[in-house]
Amino acid sequence: MSNCRVEQRRQADRLADTLAMNQSVVAVDVLAPGVGGRDGWVVEATLDRASIPTAVLRTLAAGGAIVVDASPQGPANMIVTATI
């Protein structure tokens, strides 16, 4: 595994840890490249609301992530998928 890939994994882990501290985040998963059809590290956050709070967007941006999907999961939940 290259140093670049190791650093991206660390970046994804740091982002997941930071997201987990947000009160609207119910769960966070870090997925390796190739899992779920993405080439890079993926961070998926499950939110307890139907929209993405500004604080979550700021955290994603500060962590260098790119939001690639925001899928509502019923009337009161959302899954946000971001790549590193």
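What pairs come out if I take residues in the stretch 8-36 that are among the acidic types (Asp, Glu) and pair them with residues that are assigned to a helix (DSSP H, G or I) and surrounded by 13 or more Cβ atoms within 10 Å (Cβ to Cβ) whose C-beta lies under 8 Å away, six or more apart or interchain?
Correct list of pairs: ASP29/ALA16.
Considering each residue of the stretch 40-60, count those that are more than 16 Å from MET78 (Cβ to Cβ) and free of Cβ contacts under 8 Å to residues at least 40 places away in the same chain, and give that number.
Residues in the stretch 40-60 being more than 16 Å from MET78 (Cβ to Cβ) and free of Cβ contacts under 8 Å to residues at least 40 places away in the same chain: 1 in total.
Restricting to the stretch 61-84, and then to whatever is in contact (Cβ under 8 Å) with a residue 24 or more places away in the chain and among the polar types (S, T, N, Q), can you tell me which residue is farthest from GLN23 (Cα to Cα)?
Among residues in the stretch 61-84 that are in contact (Cβ under 8 Å) with a residue 24 or more places away in the chain and among the polar types (S, T, N, Q), the one farthest from GLN23 (Cα to Cα) is THR83.
We did not get these values from a lab; they are worked out from the coordinates using the rules stated. All values reported here derive from a predicted model rather than from experimental measurement. Heads up, the Cβs are rebuilt from the backbone with ideal geometry, glycines too, and the neighbour counts pull from every protein chain shown.
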